[in-house]
1. To the nearest 0.05, how large is the calculated FRET efficiency for residue 158 and residue 338 if R₀ is 51 Å and r is the Cβ-Cβ distance?
2. Arranged from highest to lowest average of other beta-carbon atoms within 10 Å per residue, in what order do the peptides 369-382, 134-147 appear?
3. Check residue 364: other-chain or 5+ apart residues with amide H under 5 Å from its amide H, H built from backbone geometry?
4. Quick one: Karplus J couplings for the range 475-491, per residue in order, coefficients 6.51, -1.76, 1.60, θ = phi - 60°, nearest Hz, x for Gly and Pro?
5. Report ³J(HN,Hα) in whole Hz for each residue of the range 31-44, in order, from the Karplus equation J = 6.51 cos²θ - 1.76 cosθ + 1.60 where θ = phi - 60°; Gly and Pro get x.
6. Does the chain come out rounded, prolate or oblate by the C-alpha gyration tensor, with a ≥ b ≥ c the root eigenvalues, rounded set by a/c under 1.5 and, if not, prolate when a/b is larger than b/c and oblate if not?
7. Counting DSSP beta bridges with both partners in the chain, what percentage is antiparallel, nearest 5?
8. With unit charges on the beta carbon (Lys/Arg positive, Asp/Glu negative), name the residue among 24, 214, 90 whose Cα is farthest towards the positive pole of the charge dipole of the chain.
Amino acid sequence: MLSPSSPALGSGLAIGLDLGTSGMKAVALDPLGTVVARASAAYPTSRPEPGSSEQQPADWIDATIAIVGQIRAQTADAPWAVIGLSGMLPTLVTVDAEGDPVGPAITWEDARADNQGDSFREAVGPRTLYEETGQWVDGRYLLPMLHRLGIAEPSRIAGSTMLLGAKDYLFAWLTGCAATDPSTATGFGAYSLERGVWDESILAIAREIAGVSLALPEIRPSTHIESLGPRAAAALGLPEGVPVCLGAADSVLGAMGMGVTSPGDVAYVGGTSTIVLGVVDRVVLDDEHRFLVTPMVEADRWGLEMDLLATGAAFRWLAGVLGIADESTLLDLAARAKPDVPVFLPYVAPGEQGALWEPDLTGTLHGLHVGHTAAEIARALVTGIVLESRRCLDTLADHGFERGPVRVSGGSASDPWFRQQLADATGRTVVTSGGTETDRSAAGAAHLAATAIGRQRGPSAPDRDSSVPVPATAGPWQSAMERHDSVLAAIRDLV
């Protein structure tokens, strides 16, 4: 807890809030950029039918109130200089004319709009859409999600006036201003990378094929500031007028929180899903659309991004199936397994993005026999996730990224044994930085917010640990990749 004599009290704290898939995390930074408080709060996800994933925006607000209380308790109610936001995407929120949510939020895990995603992509033209937006749009993007809602819940659409992302909704609740940043705007499916605006020709096609049209938020820079409004201030116990920074996507701010901001840097951010992101100084596209292109917070930086849909979620799922306490215990079990493991294709989301982008793939366990135990199944899942991670990193190498260090944080990437598997499979040094590994997006949001009000960013956290590949493992991992791809080819034929 801060003491009344702390220098942070005089200058105010920079707070970062990360609206994640399973819960919200927060950090508080003093004027030197040092983390002085942390907080978290979980919220539930509802899955009312196969492929669905819904959350209540009211639960996000409750989590925000809880987290603010935790931070204030840890910092003796020190004054707040600025609040910055990070958020999952794409996650859909529809709101009415008063800005109140209409229906539950539809998260990025929801797979019910796959048919609408296909229709949208084909109507625009897959290559045209990718070249304009940097996205291989599918049913997890907001415009196809909206199309599905227009069919499934027309009364909901009739009562809605605007389509927002999750972070956009939180920003609007805090400030009364509906706005989105460039990185979050990519999740709608109609953001022009080169021009930095909504592409009206793509929106016209979306309206035509869906028969649905809602207003979209104005696109503002990630550093855009609005003031904390009276309703939110009263709910949070904070003074009106505290600056609130619009922020960016969790992938972008997770990388920023790790110090991954310069061309050639690579971030590996673990969580419910895992983000692999390489930074470039120009828009780069891939002939096989193996990555997305995401605007970073700097005007001349972009991230080549691949998102593995089921990593932390897959670990939690398997832990539950096997009756294991948590992800960490599952990884400990996997580390003790015999080397003879089945092939586990980890596409349990269902579908996969990453460097594959195949929504029809499903999780597969191949090669089981009676000698396999829970430990071998756990290790097989780890191996499958590591091999898909290798595919992503090899894709970056195909586009000029040197096979240098990979900076990791969050989820399974915080586990030393998992990091060593990643290093051995990819032949790269895997590096972590000092501090807690699970709140990098919140830290990035706080750093960005501090920059937005004119503070210089403090020094990046020093490297804390490295996992160096063991040369003798290269052959076995190559064999594992070949087995993995052989089973994948067979599953593609079945699909």
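1. Details: r = 58 Å, r/R0 = 1.14.
Calculated transfer efficiency: 0.30.
2. Working: 369-382: 18.6, 134-147: 25.5.
The densest-packed peptide leads the list: 134-147, 369-382.
3. 345, 347
4. x, x, 5, 5, 5, 4, 5, 5, 4, 4, 6, 5, 5, 4, 4, 5, 5
5. Calculated HN-Hα couplings, in order: x, 8, x, 8, 6, 10, 7, 9, 7, 7, 7, 9, 9, x Hz.
6. It is oblate, given that a/c is not under 1.5 and a/b is not larger than b/c.
7. Working: 49 of 69 bridges.
Bridges in the chain are about 70 percent antiparallel.
8. So the residue we want is 24.
Throughout, read-outs are computed from the coordinates displayed, never taken from laboratory work. In this text the structure is predicted, and so the values were computed from the model without any measurement. Using ideal geometry, Cβ is built from the backbone for each residue, glycine included, and neighbour counts are taken over all protein chains shown.
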